[in-house]
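Engineer: Got a structure here, written out as C-alpha cells. Questions coming.
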Amino acid sequence: MNTSRNTTRSTRGAHARHAAPAASGRTSQRGRAAEEVSQYSRASYGSSMARQRTRRKTTRVLNVVIALASLVLIGSLGALGYIFLQYHQGTALYDDITDGAVVDDSAFENPDESGLENLIIDWEFLRNENADVVGWVYMPGTEINYPIAQTTDNSTYLVRDFTGSPGSVVQKGTIFLDKDNASDFSDKNNVIYGHNMHDGSMFSHLHDMREEDVFNETRTFYILTPTMNYKCSTFALDIIPETEFEMLRVAFDDDTDFYSFVNDCVNASSVPIPDGVDATQVEKMFSLVSCAVHGDGTRVVLRGFVTEQAAPANAESGTSDGADETVNEVGEGLAEDEAAVEGEATDEAAAEGEAAETEAEAASA
C-alpha cells in the first residue's frame, strides 16, 4: 500500500514538473501580447496626436488665409466703391454745370432745326464757376457736352475739374484749349484736350470712333463761344504717338503750309472718309485730342472743319475786357446814338431857322 501511494505521488509530481513549463510559456506569451498591445496603443496614440496637431496647424493656416483673403476682398470692395464714388461725383459735377449753362435744352436736342444761333450758353454762370472758361464743346449723340477752359499751361486742367478741385483717385480734369491757341478760337487749328475715361465720359468717345460705323454716326460737333458758334464736320481720325506734337501744330507759315497740314491729317486718318476733303476749302479747323489710349502709348485726334458759323443770340461784343455786352445791346446802343445825333441835327436846324427868321425880320425893319 505504501508503495502504491508513493508511486502515485511520484507520478503526480512528475506531471506537475512536466506541466510547469507549459504554464510558464502561456504566461510569457500573454505578457508579450500585452506588451505588443501596449506598444501598439502608444504608437497609435502618438500617431493620432500627430494627426491632431497637423489638423490644428492646418486649420490655423486656413483661418489665417481666410482672414487675409477677407481683408483683401473688403479692401478691394472698398477701393472699388471709392473709385465708383469718385466717378459718380465727377459726372454729377458736370451734369450740374450743364444744367446751369445750357439755356435751351430743346435747341441742343435738334440743333439743325433750332438753328446754330440758338445754341445758347450762359457765360456769366460759367465765369462765376471758373474765370478760365473760353468755350463749350458739344457732340450730339455722345457724352461730349462740356465747358472748355484755358490757362497758361497744358497741365493744370489734366488734374483739376472745372471748379478747380483736384481729383484724388479719379481725375476727370477739364476739357481745355491748348495754351498756345488764341482764347477766341481765331487760329486756323484750335487744339482741345480731354481725358479718356473708363466710364465713357469726357473724350473717351473718340476712341470708340476708331470703328468706322461709330465714326460715321457722329460726323458733326459744335464749338460754342461767347462771340461765335461753329458747326464742324469731321474729316479725319488720327492715331498718333503721345510724344508726337507736329500733328498738333497751332501755327502755320502761310495758307500753303496750312493746306499741307490738312492733307497730312486726311492721309493719316485711321478711318476712311466717305466724302473727299478739299483742303483749300478748309478755313478753320478744330482738333479734339484724347489722352493716351490705355497701355499703348498713343492718342486719338478727331479733326473737324468749320462748315457753318453764326453769332449766338446772346453774343457778346467781343471786347477785350470780356464785358457781357450782347449784340442786341450793342444794336440798341447804336440806335440810341443815331437818335441822339439826329436830335442834335434837328436842334441845330431849328436854331439856324430861327436865326434866319430873325435876320429876315431885321432886314425888313
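Engineer: For the stretch 257-277, how many residues are surrounded by fewer than 12 Cβ atoms within 10 Å (Cβ to Cβ) and either among the acidic types (Asp, Glu) or in contact with a strand residue (DSSP E or B) (Cβ under 7 Å, 6 or more places away or on another chain) (or both)?
Structural biologist: 1
Engineer: Let me ask something else about it. Taking the stated definitions as given, is ILE239 outside any loop (DSSP other than H, G, I, E, B), open to solvent by 50 Å² or more (accessible area, probe 1.4 Å) and not polar (S, T, N, Q)? Let's see the steps before the verdict.
Structural biologist: Details: outside any loop (DSSP other than H, G, I, E, B): yes; open to solvent by 50 Å² or more (accessible area, probe 1.4 Å): yes; not polar (S, T, N, Q): yes.
Yes: the conditions hold for ILE239.
Engineer: All but one of (1) open to solvent by 50 Å² or more (accessible area, probe 1.4 Å); (2) modelled with pLDDT of 95 or more; (3) under 15 Å from THR220 (Cα atoms); (4) not aliphatic (A, V, I, L, M) hold for TRP136; which doesn't?
Structural biologist: Answer for TRP136: the failing condition is (1).
Engineer: Those residues that are crowded, with 18+ Cβ neighbours inside 10 Å and of a type in the set (Lys, Arg), I need them from the stretch 208-236; list them, please.
Structural biologist: LYS231
Engineer: With surrounded by fewer than 17 Cβ atoms within 10 Å (Cβ to Cβ) and part of a helix (DSSP H, G or I) as the only criterion, which of GLU143, GLU124 stands out?
Structural biologist: On inspection, the qualifying residue turns out to be GLU124.
Engineer: Determine whether GLY173 is in a loop (DSSP other than H, G, I, E, B), without any contact (Cβ under 8 Å) to a residue 60 or more places away in the chain, surrounded by 15 or more Cβ atoms within 10 Å (Cβ to Cβ) and at positive phi.
Structural biologist: yes
Conditions tested, residue by residue: (1) more than 29 Å from the chain's Cα centre (by Cα); (2) over 27 Å from VAL103 (Cα atoms); (3) of a type in the set (Ser, Thr, Tyr).
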residue	(1), (2), (3)
THR218	no, no, yes
PRO226	no, no, no
ARG249	no, yes, no
THR256	yes, yes, yes
PRO274	yes, yes, no
VAL277	yes, yes, no
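Engineer: Also: In the stretch 301-323, which residues are among the β-branched types (Val, Ile, Thr) and modelled with pLDDT of 95 or more? Quick ask: steps written out before the conclusion?
Structural biologist: Pass one, the stretch 301-323, residues among the β-branched types (Val, Ile, Thr): 301, 306-307, 319.
Matches in the stretch 301-323: VAL301, VAL306, THR307.
Engineer: Do we have VAL306 as open to solvent by less than 40 Å² (accessible area, probe 1.4 Å) and part of a strand (DSSP E or B) here?
Structural biologist: The answer is yes for VAL306.
Engineer: Here is a follow-up. Only residues that are more than 17 Å from GLN309 (Cβ to Cβ) and in contact with a Phe, Trp or Tyr (Cβ under 6 Å, 6 or more places away or on another chain): list them for the stretch 171-195, please.
Structural biologist: The answer is GLY173, THR174, ILE175, PHE176, TYR193, GLY194.
Engineer: Mind telling me which of the residues ALA131, ALA107 ends up being touching a Leu at 6+ places or on another chain (Cβ under 6 Å) and farther than 21 Å from LYS284 by Cβ?
Structural biologist: Working: ALA131 fails: touching a Leu at 6+ places or on another chain (Cβ under 6 Å).
That would be ALA107, the only listed residue that is touching a Leu at 6+ places or on another chain (Cβ under 6 Å) and farther than 21 Å from LYS284 by Cβ.
Here is a yes/no grid of residues against (1) of a type outside the set (Phe, Trp, Tyr); (2) part of a loop (DSSP other than H, G, I, E, B); (3) farther than 26 Å from ILE121 by Cβ:
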| position | (1), (2), (3) |
| --- | --- |
| SER186 | yes, yes, no |
| GLY200 | yes, yes, no |
| ARG210 | yes, yes, yes |
| VAL214 | yes, no, yes |
| THR243 | yes, yes, yes |
| ALA251 | yes, yes, yes |
| TYR259 | no, no, yes |
| VAL271 | yes, yes, yes |
| PRO274 | yes, yes, yes |
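Engineer: Also: Please specify each residue of the stretch 147-170 satisfying the condition of being part of a loop (DSSP other than H, G, I, E, B) and out of contact with any Asp or Glu (no Cβ under 8 Å at 6 or more places or on another chain).
Structural biologist: First pass over the stretch 147-170, keeping only residues part of a loop (DSSP other than H, G, I, E, B): 150-155, 161-165, 167-170.
THR152, ASP153, SER155, ASP161, GLY164, SER165, SER168, VAL169, VAL170, listed by residue number.
Residue-by-condition table, conditions (1) basic (Lys, Arg); (2) touching a Leu at 6+ places or on another chain (Cβ under 9 Å):
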site	(1), (2)
TYR138	no, yes
ARG160	yes, no
PRO166	no, no
ASP178	no, yes
PHE185	no, yes
SER201	no, no
ASP208	no, no
GLU212	no, no
TYR222	no, yes
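The values are calculated or read from the model by the stated rules, or taken from the named source; none is laboratory data. Computed from a prediction, not measured in an experiment: that's the story for all the values here. Please note: Cβ atoms are built from the backbone with ideal geometry, for glycine as well, and neighbour counts cover all protein chains shown. Keep in mind that these areas ignore ligands, DNA and RNA; they rest on the heavy atoms of the full protein, side chains included. Shrake-Rupley method; radii C 1.70, N 1.55, O 1.52, S 1.80 Å.
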